[in-house]
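To start, the structure itself, in structure tokens.
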């Protein structure tokens, strides 16, 4: 930048706090509020200004703390104020996953908007995609409550539901699944997510019950602690029929190569916020698919900007199973209107330019 010229790019960010409608009880703890930063990137090339939005919403145990996130966002903003380019600004946020996610998403939204194309087509360079399958998430509760909440999700059009397990004795979680299956019938896909809290014996007991009692559980997600690759491989051998083992938390600890070499998972769960951006998540999805492992995209219970970005990521990734993207109704408040309609167990992908987000930045 020379002689008083204004920088081409400007990155602003604002902190937000989004309470959940009710705490989401998981085996790794209760989530009752999501705090983060809304980003706005302005590109003043030529006579017009193009705007892109991003979101950086840290989650304890998955990403950097919120103070470190803010520091990384300030470094990226300063880089652009000093006349730097977008790639340099993104590099300054590296090492802070949520911050990098926010900057990367804002850049991608800005570029897709400038090209007047939906973000998923800008990213994937593929055909038009109208819908992506999604699952409902049901938190911990007693058998009756779990069955009731799952039945409500089915009535709203979901044909795939994920039950949070691991906070109760494994026998109680088996009973929760049994009661839920009795209520919703055989056609609904049921998954369970233990968030890494079961011992090997507990996980084996659960898997044996799911298989032997024909409870129709399709996926057991992160049954063991993240470090237990050999244990996950043993459980994968134990699982029969259509039951798959998914690794979520373990991906950040071990990486793709170690998990695939250990043959520890049928499915890898990709959280764009935790991985540092939808660009990184998409590369990993293509990589693991080549290795014979299925990717599955979920949010970290984010605001509408990151959540919509994850929907576009899913739309740009072929042949995904139902993904954990239907989390907006867990929030009591949001950053703006949700452009993604949930209908008959699918998210309707926005076809407007960029993310398709409007009305999130108020002057």
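The values are calculated or read from the model by the stated rules, or taken from the named source; none is laboratory data. Just so you know, these numbers come straight off a predicted model, no measurement behind them. We place every Cβ from the backbone using ideal geometry, glycine too, and count neighbours over all the protein chains shown.
When you look at residue 314, is it in a loop (DSSP other than H, G, I, E, B), buried (at least 24 other Cβ atoms within 10 Å of the Cβ) and on the phi < 0 side of the Ramachandran plot, yes or no? Step through it out loud before you land on a result.
Values: in a loop (DSSP other than H, G, I, E, B): no; buried (at least 24 other Cβ atoms within 10 Å of the Cβ): yes; on the phi < 0 side of the Ramachandran plot: yes.
Answer is no for this residue.
Count of the stretch 174-198 residues, restricted to those that are crowded, with 20+ Cβ neighbours inside 10 Å and part of a loop (DSSP other than H, G, I, E, B), is 5.
Comparison of 208, 234, 201 shows that the only residue that is without any contact (Cβ under 8 Å) to a residue 12 or more places away in the chain and not in a loop (DSSP other than H, G, I, E, B) is 201.
Table: residues versus (1) outside any strand (DSSP E or B); (2) closer than 15 Å to residue 361 by Cβ; (3) more than 27 Å from the chain's Cα centre (by Cα); (4) modelled with pLDDT of 95 or more.
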{"position": "1", "(1), (2), (3), (4)": "yes, no, yes, no"}
{"position": "4", "(1), (2), (3), (4)": "yes, no, yes, no"}
{"position": "7", "(1), (2), (3), (4)": "yes, no, yes, no"}
{"position": "11", "(1), (2), (3), (4)": "no, yes, no, yes"}
{"position": "14", "(1), (2), (3), (4)": "no, yes, no, yes"}
{"position": "19", "(1), (2), (3), (4)": "no, no, no, yes"}
{"position": "24", "(1), (2), (3), (4)": "no, no, no, no"}
{"position": "40", "(1), (2), (3), (4)": "no, yes, no, yes"}
{"position": "51", "(1), (2), (3), (4)": "no, yes, no, yes"}
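Taking the listed residues 80, 86, 59, the one that is more than 14 Å from residue 39 (Cβ to Cβ) and either in contact with a helix residue (DSSP H, G or I) (Cβ under 6 Å, 6 or more places away or on another chain) or in contact (Cβ under 8 Å) with a residue 40 or more places away in the chain (or both) is 59, with no other qualifying. Is it true that residue 58 is in contact with a strand residue (DSSP E or B) (Cβ under 8 Å, 6 or more places away or on another chain), assigned by TED's automatic domain parsing to the domain that holds residue 95 and buried (at least 19 other Cβ atoms within 10 Å of the Cβ)? Answer is yes for this residue. Kindly establish whether residue 326 is assigned by TED's automatic domain parsing to the domain that holds residue 177, assigned to a loop (DSSP other than H, G, I, E, B) and under 22 Å from residue 54 (Cα atoms). Against the criterion (assigned by TED's automatic domain parsing to the domain that holds residue 177, assigned to a loop (DSSP other than H, G, I, E, B) and under 22 Å from residue 54 (Cα atoms)), residue 326 qualifies.
The residues listed here are 90, 105; of these, the one that is surrounded by 24 or more Cβ atoms within 10 Å (Cβ to Cβ), in a helix (DSSP H, G or I) and not assigned by TED's automatic domain parsing to the domain that holds residue 320 is 105.
The set of residues in the stretch 317-334 that are in contact (Cβ under 8 Å) with a residue 60 or more places away in the chain and out of contact with any strand residue (DSSP E or B) (no Cβ under 6 Å at 6 or more places or on another chain) comprises 317, 318, 320, 327, 329, 334.
Only one of 302, 279, 242 is at pLDDT 95 or above and either crowded, with 21+ Cβ neighbours inside 10 Å or in a loop (DSSP other than H, G, I, E, B) (or both); which?
On the way: 279 fails: either crowded, with 21+ Cβ neighbours inside 10 Å or in a loop (DSSP other than H, G, I, E, B) (or both); 242 fails: at pLDDT 95 or above.
So the residue among 302, 279, 242 that is at pLDDT 95 or above and either crowded, with 21+ Cβ neighbours inside 10 Å or in a loop (DSSP other than H, G, I, E, B) (or both) is 302.
Residues in the stretch 248-276 that are more than 21 Å from residue 94 (Cα to Cα) and either assigned to a helix (DSSP H, G or I) or touching a helix residue (DSSP H, G or I) at 6+ places or on another chain (Cβ under 6 Å) (or both): 257, 258, 259, 260, 261, 262, 263, 264, 265, 268. When the stretch 118-155 is filtered for residues that are in a loop (DSSP other than H, G, I, E, B) and touching a residue at least 24 places away in the same chain (Cβ under 8 Å), the ones remaining, listed by number, are 126, 128, 129, 130, 135, 139, 140, 141, 142.
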